[in-house]
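The values are calculated or read from the model by the stated rules, or taken from the named source; none is laboratory data. These numbers come from a predicted model, not from an experiment. Neighbour counts are summed over all protein chains in view; Cβ atoms, including those assigned to glycine, are modelled from backbone coordinates with ideal geometry. These accessible areas exclude ligands, DNA and RNA; they are computed on the full protein's heavy atoms, side chains included. Shrake-Rupley method; radii C 1.70, N 1.55, O 1.52, S 1.80 Å.
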Amino acid sequence: LCGMADAGGKDKDADAKVYWTSVAIIPPDEAWPQIQSVRTSLRDAGLYRWPPHINMLYPFCPARLFKDKVPALEHALASIDPFEVTLSRLGLFVRKKSSTMYLIPESGGHIERLYTALEGAAPPYH
């Protein structure tokens, strides 16, 4: 996964992490209205910044490095069958000055297997 510099050494940016990209599960369009309704009623500050999502690898690499990461991620995902996720419980990330409410995904272990596959394909980003 690491790019090589012209001189033959490791590209210092190959494993760079940024906080504006991620590998995420995005729910299908038909699930958005209900999720967005809850986000709107809770005055979610990220409503217009982030779509509904489950971060799998965050932070991730700069967008300019996506093309270098995609082959390994595609290979890892090839063994993952489609699965359903149920969002039926709420959780809370509590920080010093704010909190984030989130829906807890239940997938019968599928999300965990997906994460393990992605983590193996992109180890610096787990």
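Miscellaneous remarks
- Residue count for region 9-44, restricted to those that are under 21 Å from L92 (Cα atoms), assigned to a loop (DSSP other than H, G, I, E, B) and at pLDDT 90 or above: 4
- The one condition from (1) open to solvent by 60 Å² or more (accessible area, probe 1.4 Å); (2) within 18 Å of V23 (Cα to Cα); (3) hydrophobic (A, V, I, L, M, F, W, C); (4) not in a loop (DSSP other than H, G, I, E, B) that M56 does not meet is (1).
- For region 62-90, residues that are surrounded by 10 or more Cβ atoms within 10 Å (Cβ to Cβ) and in a strand (DSSP E or B) total 4.
- From the options Y102, Y115, Y48, residue that is in contact (Cβ under 8 Å) with a residue 40 or more places away in the chain and either part of a helix (DSSP H, G or I) or of a type in the set (F, W, Y) (or both): Y115
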